[in-house]
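Report on the following structure.
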Amino acid sequence: MAASILVGATAGLSPLAAESGRSAGPDVTTFALSNGLEVVVIPDRRAPVVTHMVWYKVGSADEAPGDSGIAHFLEHLMFKGTAAHPAGEFSRVVAELGGQENAFTSYDYTAYFQRVAREHLPTVMAFEADRMTGLQLTDDVVNPERDVILEERRSRVDGDPGSQLSEAVSASLYVNHPYGTPIIGWEHEIEALDRHDAIAFYDRFYTPNNAILVVAGDVSADEVRTAAEATYGKVARRADPGPRARPREPEPRAARRVSLADPRVTQQSVSRNYLAPSYETAKNGEAYALDLLAQILGGGTTSRIYRSLVVEKGVAANAGAWYQGDALDDGRFAIYATPRGEVSLREVEKAIDETVAAFAAAGPSEGELARAKTRLVADTIYAQDSQATLARIYGASLATGGTVEEVKEWPARIRAVTADAVRDAARAVLDQRRSVTGELLAAPAPRAAGAAAR
């Protein structure tokens, strides 16, 4: 089992793809069990398989101060076995059934999923329901896994200058909100986590009234209800997690800059991250306008940023933009570019500023807006080709405050966005006072000890 960390995006998807997957889609059924478990059934009869997902409405942004990394740590520990099923049995059975499984942690949720033939759905439901309440956490289980996570952090972050810069940018963008803390956690705080922390987190948040079950595939709502009642329905509520109260990020008033130079950097780059409202925090449809802004400004080789920096001015080898709107609290809008040849990062940044200023002054052309809408709505159709993608879209939306109706209405709301709304969103969000600029720089390799000076 390879656990994964998702940074502000729907599992396995770019932020743009995650949002563009909000489509009218199939005839979705929702209901709740008596213990509070929410259930979503997405029919897909094209193949005799199902995707089974459990989403817990807790992520790294819900951790107590000083306990960073506990949400991701517990995700790992969920595979360590229960009183009824020892470590490895769940994964072994899924493999023997020809299925797939995995899990992931984000700022706002933690999710576990299996993909199996339809007749095996009750089996995986029984296993998942069992580890919702029966996890066995001893020092012998917890301490070695903590070392695994520390090594994961060393390889993913300490060994990657780009990841180190990304952490620094996030910490600078979110000065008060926990989105500024890495999902995997800070190393010194991971080292202090123990089984008491894991048990307390598990007992508080891993309760059916804090979870969403999403089943997509060749099943009916009645079949899922029957199986869910026989498995999850037996799990009693054991806690009330309470409201997801988090500190608000203050209105930014000063542009910030973070630079990291490292001999391992082979391709320099510059990025600018702006604090931006999410679908949950935006007002008056601004999040829909921001999705279109990301597509028009930096969505591919026909976008404004790409055409300006790469094609016309020739200062960049690549450039683009993205919007992270699937967050419970304020997300971000980012623009990035890599210089071409000997072009400096400041030259690239100047070109970005000029392109953004021109766009904010005039807004998109009718042609640009029409093409962006067509592209995003078309993506909603393509997303329906994958039942796993559909399950992830609905699960992530519901876990971050959305509704099934909002998912279905997304294409119509995108089509209704005006050029003025996109221009106004650019003016409101792409203000440098709301931004952090990150520079990834190459540095000379350190000279070996004792080398002669020239």
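The values are calculated or read from the model by the stated rules, or taken from the named source; none is laboratory data. In this text, all values refer to a predicted model and were calculated from it rather than measured experimentally. Cβ: placed from backbone, ideal geometry, glycine included. Neighbour counts: every protein chain shown. The area values use the complete protein model at the heavy-atom level, side chains included, leaving out ligands, DNA and RNA. Shrake-Rupley method; radii C 1.70, N 1.55, O 1.52, S 1.80 Å.
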Between the modelled labels at Arg253 and Val148 (7 Å from Cα along Cα→Cβ) the distance in nm is 4.7 nm
Straight-line reach check, Lys313, cutoff 19 Å on alpha carbons, 8 or more apart in-chain or any other chain, hits among lysines -> Lys350
For the table Lys283/Lys408; Lys80/Lys408; Lys57/Lys80, the rows whose alpha-carbon distance is greater than 30 Å are Lys80/Lys408
Of the residues Ala396, Tyr232, Ile190, the Cα lying farthest along the dipole of the chain towards its positive end, which is defined by charges on the beta carbon of Lys, Arg, Asp and Glu, belongs to Ala396
For the chain, percent of DSSP beta bridges that are antiparallel (nearest 5) comes out at 75 percent
Projected onto the charge dipole of the stretch 320-386 (unit charges on the beta-carbon of Lys, Arg, Asp and Glu, signs +1, +1, -1, -1), the Cα from Gln324, Ala372, Ala360 with the largest positive-side position is that of Ala372
Mean Cβ-within-10 Å packing, highest first, puts peptides 46-54, 353-361 in the order 46-54, 353-361
Taking a label point 7 Å from the Cα of Lys350 along Cα-to-Cβ, the residues of the stretch 268-284 whose backbone nitrogen sits under 18 Å from it are 269-271
Each label sits 7 Å from Cα toward the beta-carbon; between Asp139 and Ala239 the label points are separated, in nm, by 2.3 nm
Regression test value, accessible area per residue of the chain, probe 1.4 Å, units Å², expected 41 Å²
With +1 on the Cβ of every Lys and Arg and -1 on the Cβ of every Asp and Glu, the dipole magnitude of the chain about its Cα centre, in debye rounded to the nearest 20, is 1220 debye
Ordering 261-272, 387-398, 150-161 by per-residue average of other C-beta atoms within 10 angstrom, highest first, gives 387-398, 261-272, 150-161
For the chain, the percent of accessible surface on carbon and sulfur atoms (probe 1.4 angstrom, ligands and nucleic acids excluded) is 51 percent
Treating every alpha carbon of the stretch 220-329 as one equal point scatterer without solvent, the Debye formula yields log10 I(q)/I(0) values at q = 0.24 Å⁻¹ of -1.28
Ordering 82-90, 302-310 by per-residue average of other C-beta atoms within 10 angstrom, highest first, gives 302-310, 82-90
Karplus ³J(HN,Hα) for the stretch 429-445 (6.51 cos²θ - 1.76 cosθ + 1.60, θ = phi - 60°; Hz, whole; x = Gly/Pro) runs 9, 7, 9, 4, 5, 9, 10, 10, 9, x, 10, 9, 10, 7, 10, x, 5
